[in-house]
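The structure under discussion appears below in the form of structure tokens.
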Amino acid sequence: MKRLTNLILAALLLLTINACDDENTKTKSILKTSGGKTSQVLVVMDNSYWKSVVGDSVRKVLQKVKPWFFQEEPYFDIEHIPLRAFEDVVYKKFRNILIVRINPDITKSIFKGRKNVYAKPQAVFEIKCKTKDDFFKLFPQKSKEMCGIFHQNELTRLKAYYSGIKVDSLTDFVNNKFGYKMIFPKGFFVAKDKADFLWLRRVTPDVEEGFLLYEYPYSDTSQLNPENIIAYRNELTKAFIPGPVDSSYMKVSTVFPYYSEATSFKRHYATLLRSWWDTHGYALGGPFLSYTIVDTAVGRLITIDGYLKAPKKNKRDLLLHLEAIMDSFEMTPAKSEK
């Protein structure tokens with residue numbers, strides 16, 4: 001009897017904990033789909049602060065032009081509303097939200113982030129401060145992390161959308177060839193298939209999205225140097241990616257600087273590279289990004305490289321499409337166990 005009573009108490013305690021969880025399964029199931037434009041952040045802040053140096057600071061962070069953009073496109077677009085307007089349910093459905101409260105009655109400064117509060121996918125950051133000075137002490141500390149989560153939130157939405165229009169045959173083809181999975185939405189097709197190299201394309205009248213997937217033996221860390229990654233990419237594109245006229249081919253631009261960083265990609269050590277490609281013998285180019293990933297299980301380097309050709313378009317949101325596809329990367333054990 002005592003054991004039964006303890007089991008009942010434990011069950012009740014578990015139910016209580018689950019009921020208090022802000023992101024419990026029941027709550028998630030009734031959340032509506034978030035809204036807002038791509039790469040848009042709703043900033044909720046009283047007008048007096050929005051028009052002051054506080055608002056200037058927020059705009060500087062959210063609308064910063066990233067070093068890999070060679071045209072003036074901000075990291076995020078901003079919509080601002082005063083605090084009182086946030087009661088409207090329409091605004092609570094925004095995908096990315098920053099709430100700033102500065103009030104002398106606030107006793108402790110707080111800057112916290114939460115997921116899926118009013119909708120999903122959603123990221124809500126709230127900063128509470130007593131004074132503007134407190135805001136400037138706190139905001140810079142987590143602004144980079146906040147932007148990264150907003151960015152990841154955009155990728156999450158796109159990945160969910162692409163999952164609904166994916167081409168299973170391409171996922172299987174890539175998996176059988178390289179031993180990893182990626183989700184490609186409809187419209188992509190195999191443009192070239194060579195040993196250890198694959199070129200995928202999706203072409204519309206205004207935009208071309210493409211992926212170069214390849215692998216090669218891993219010998220030492222010098223291969224992860226961006227200059228060496230670029231040199232090998234140029235070898236492959238000269239051989240396999242022709243331009244629109246005879247003797248023309250894709251290559252990495254020497255006019256624009258590249259951006260690179262050592263990073264962790266899907267729990268694997270990798271080099272992220274962002275730059276601009278152009279065409280030898282022809283005036284044509286666009287942005288690209290790549291991850292060169294160390295697969296220590298079989299001693300190889302994997303490169304997933306996405307490029308964009310959209311001469312009359314803004315590039316920021318189109319690049320997100322490539323990143324979302326890359327973010328679907330998942331190593332499969334079979335290849336690594338050979």
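Residues that are free of Cβ contacts under 8 Å to residues at least 12 places away in the same chain and not charged (D, E, K, R) do not occur anywhere in region 266-282.
Kindly indicate whether E227 is modelled with pLDDT of 95 or more, more than 30 Å from G113 (Cβ to Cβ), under 18 Å from the mean Cα position of the chain (by Cα) and among the charged types (D, E, K, R). Considered against the rule, which asks whether it is modelled with pLDDT of 95 or more, more than 30 Å from G113 (Cβ to Cβ), under 18 Å from the mean Cα position of the chain (by Cα) and among the charged types (D, E, K, R), E227 comes out as no. The set of residues from region 39-78 being surrounded by 15 or more Cβ atoms within 10 Å (Cβ to Cβ) and among the charged types (D, E, K, R) comprises D46, R59, E73, D77.
If only residues of region 255-271 that are touching an Asp or Glu at 6+ places or on another chain (Cβ under 8 Å) and part of a loop (DSSP other than H, G, I, E, B) are counted, the one that is nearest to L284 (Cα to Cα) is V255. C129 - would you say it is in contact (Cβ under 8 Å) with a residue 40 or more places away in the chain, of a type outside the set (K, R) and outside the structural domain of L319 (by TED's automatic domain parsing)? Here the answer is no, as C129 does not meet what is asked. When F329 is tested against (1) touching a Leu at 6+ places or on another chain (Cβ under 7 Å); (2) under 22 Å from L158 (Cα atoms), just one condition goes unmet, and that condition is (1).
One line per residue, one yes/no per condition, for (1) exposed (fewer than 14 other Cβ atoms within 10 Å of the Cβ); (2) assigned to a helix (DSSP H, G or I):
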| position | (1), (2) |
| --- | --- |
| S163 | yes, yes |
| T171 | no, yes |
| V174 | no, yes |
| D193 | yes, no |
| L198 | no, no |
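Please go through region 236-260 and give me each residue that is without any contact (Cβ under 8 Å) to a residue 40 or more places away in the chain and over 19 Å from S290 (Cβ atoms), ordered by number. Result: P242, V245, D246, S247, S248.
When G281 is tested against the conditions (1) surrounded by fewer than 19 Cβ atoms within 10 Å (Cβ to Cβ); (2) at negative phi, the lone failure is (2). D295 satisfies every condition listed in (1) acidic (D, E); (2) over 21 Å from the mean Cα position of the chain (by Cα); (3) surrounded by fewer than 18 Cβ atoms within 10 Å (Cβ to Cβ) except (3). If you filter region 297-338 down to residues that are in a loop (DSSP other than H, G, I, E, B), closer than 27 Å to T221 by Cβ and out of contact with any strand residue (DSSP E or B) (no Cβ under 8 Å at 6 or more places or on another chain), you find that the one that is modelled with the highest pLDDT is D327.
Restricting region 56-82 to residues that are of a type outside the set (D, E, K, R) and in a helix (DSSP H, G or I) leaves a set whose member that is nearest to E154 (Cα to Cα) is L62.
The values are calculated or read from the model by the stated rules, or taken from the named source; none is laboratory data. What you see is a predicted model; the values in this text were computed from it and never measured. Every residue, glycine as well, gets a Cβ built from its backbone with ideal geometry; the counts of neighbours run over all protein chains shown.
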